[in-house]
Amino acid sequence: MVEKSIMAFIATLGFGLLVNIRGKNLFLAALGGAISWFAFLLISSYHASVVISCFIAAIIAGAYSEILARSIKVPATVFAICAIIPLVPGSGMYYTMFEVISNNMEKAAVKGFETISVAGAIAVGLFVVSVFTQIVRYWYSRIKKTIFIK
Amino acid sequence: MVDLKRILLIAGETGRIMLENGAETYRVEEVITRISHGLGVHHAESFVTPTGIFVSLTDINNNTLTLVERVKQRSTDLEKITRINNLSRKIGKMAHSIDEVEAELRSIKAIKRLPSKVILPLSAAMAASFAYVYGGSIYDCLAAFMVGGLVRFSTIVLGNARMNDFFINIVGGATAALFALIFHALGVSESIDKVIIGSIMQLVPGLAITNGIRDTITGDLLSGIARSVESFLIAVAIAVGAGIVLKLWIDNFSVWLW
């Protein structure tokens, strides 16, 4: 599990270089990829389904990137894009296509639905974090305002 | 008196750079208005879609100027986005002259991407590590290393020839499948699927998925739908490319495959 996460780190590092992230952001973005993949492997080792594992891993990836974005003033997308890269259902896409060309339409439908669900789960995971951050920011600014007025 | 024309050009240019390099819609709109207000425009409004930008600036005497920027090619360069984002924050906090902003914008535009000869081995290494991440053996990594490099080579060549993205991804998927099958037939790799998956991971639309969702959340429904469709089409294109090659191979050389 740890060695796969390290390889996910290297893979995300490569992706980060391809989308031209530089300096310490690159390292942090790659770390995000390793963290999300480690979370995915950890959760799926407890017999959770792929969709649930991806959902929780995406939440962790989203939280990681939002926290980093606030603390070092870099857009959250920079980290979010890299952190979810290992979760993106490239394999689901491949197996769906493979079942289609082998004429197993039922298996293709199952795999295809799972692939779309995983993509949706990643999206909703990031969405949850994003909304949560907005709420926190809203309350933070309100509290700051009331203290300031008093 | 504010030089509305110059500010408009700067704002439009900034928006275009951001959009071409993969920023979310709300961020582009925010940066355009922030830069315009920072340079002293009375009222700034912008409407951004993935394929074009509309900026409209109004000064204190109700003179309005509008600019349309058409965005044709999109790639990903997160360094440019980070730099522009920082620039717009700085303008918001302290007064900057137009010249300073223009100079900064020029230096951001001059940021170079990695040259092809670096990108090729990098993509190859990325494919190899993804093959391992998804459960391939060391031999699969070796095959994925070469296949990943070949996939990136084909996409670079087609990209230089200004082919459209859909076609590039079909060819990318086809290249991945073809060479994965060849390396398997030659006895280099143990599995075909891990090699193909590892090498197509560099093509998958991770950015389009996240941006599509972010746009939808923030209420830019038009861009959200456009980007979601984009990501779906990219995925279909990769699958179609790989699928055609696999199908042809199975029908004609199935003896070698299993």
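The values are calculated or read from the model by the stated rules, or taken from the named source; none is laboratory data. All of these numbers come straight from a predicted model, not from anything done at the bench. Using ideal geometry, Cβ is built from the backbone for each residue, glycine included, and neighbour counts are taken over all protein chains shown.
Figures for the structure shown
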| quantity | calculated |
| --- | --- |
| Qualifying residue in the range A:15-27 (condition: modelled with pLDDT under 90, crowded, with 18+ Cβ neighbours inside 10 Å and on the phi > 0 side of the Ramachandran plot) | yes |
| Criterion (under 19 Å from the mean Cα position of the chain (by Cα), within 14 Å of chain A (Cβ to nearest Cβ) and under 25 Å from B:VAL118 (Cα atoms)) met by exactly one of B:ILE238, B:ILE196 | B:ILE238 |
| Identity of the residue in the range A:108-134, loosely packed, with under 15 Cβ neighbours inside 10 Å and away from chain B (no Cβ under 13 Å), that ends up farthest from the chain's Cα centre (by Cα) | A:ALA109 |
| Scan of the range B:90-109 for residues that are within 13 Å of chain A (Cβ to nearest Cβ) and within 19 Å of A:GLY23 (Cα to Cα), ordered by number | B:ILE108 |
| Hey, A:ALA39 within 17 Å of the chain's Cα centre (by Cα), within 12 Å of another protein chain (Cβ to nearest Cβ) and assigned to a helix (DSSP H, G or I) or not | no |
| Filter result (of a type in the set (A, V, I, L, M) and assigned to a helix (DSSP H, G or I)) within the range B:12-31 | B:ILE17, B:MET18, B:LEU19, B:VAL28, B:VAL31 |
| Sole residue being farther than 27 Å from A:PHE40 by Cβ and surrounded by fewer than 14 Cβ atoms within 10 Å (Cβ to Cβ), chosen from B:SER107, B:SER154 | B:SER107 |
| Pairs, first more than 10 Å from every other protein chain (Cβ to nearest Cβ) in the range A:92-107, second surrounded by 19 or more Cβ atoms within 10 Å (Cβ to Cβ) and charged (D, E, K, R), C-beta under 7 Å, six or more apart | A:GLU99/A:LYS111 |
